[in-house]
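Notes to accompany the following structure.
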Amino acid sequence: MNQRFRNKRFSHISTALTKTLEPFHSRYGKGDFRAIWASWESTVGPEITKNAKPVSFRDGCLLVSVTSSVWMQHLQFLKADIADRLNASYGSKIVHDIRLRIGAP
């Protein structure tokens, strides 16, 4: 066996992925999307949660997938309020914009 492989310790795949993807994380930190996801239902309520889910967060822009064009239109009017509530639950202004797309939430 090659000498360089024999002396290496195995590491968990999550550790390797975290180290590899570190440069691509949002400038606001690693935990922001998890915090948004965790507080989503308590922030927007169960009715919106059934029809809309956050799918990504990057540079202050939250992408939310909605079930239909009706929900997209409804949430278009609530975007500022949802962003304010998410920021209040997080404790700082991390969500600057919310973009909506139709898809499976």
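The values are calculated or read from the model by the stated rules, or taken from the named source; none is laboratory data. Only a predicted model underlies this, so the values are computations on that prediction, with no experimental measurement involved. Neighbour counts are summed over all protein chains in view; Cβ atoms, including those assigned to glycine, are modelled from backbone coordinates with ideal geometry.
Miscellaneous remarks
- So Glu41, is it on the phi < 0 side of the Ramachandran plot, exposed (fewer than 15 other Cβ atoms within 10 Å of the Cβ) and in contact with a helix residue (DSSP H, G or I) (Cβ under 7 Å, 6 or more places away or on another chain): yes
- Taken as a whole, the structure leaves Leu100 outside the set of residues that are surrounded by 12 or more Cβ atoms within 10 Å (Cβ to Cβ), in contact with a Pro (Cβ under 9 Å, 6 or more places away or on another chain) and in contact (Cβ under 8 Å) with a residue 12 or more places away in the chain.
- Failed criterion for Ser65 (all others in (1) over 14 Å from the mean Cα position of the chain (by Cα); (2) more than 15 Å from Ala38 (Cα to Cα); (3) polar (S, T, N, Q) hold): (1)
- Counted residues, the range 31-74 - those being touching a strand residue (DSSP E or B) at 6+ places or on another chain (Cβ under 6 Å) and aliphatic (A, V, I, L, M): 8
- Spans of strands (runs of 3 or more DSSP E) in the range 16-105 with at least 3 residues modelled with pLDDT under 90: 52-58
- Lone unmet requirement of (1) farther than 30 Å from Lys19 by Cα; (2) touching a residue at least 40 places away in the same chain (Cβ under 8 Å); (3) among the aliphatic types (A, V, I, L, M) for Ile36: (1)
- Flag if Asn87 is closer than 13 Å to Trp40 by Cα, over 15 Å from the mean Cα position of the chain (by Cα) and of a type in the set (S, T, N, Q): no
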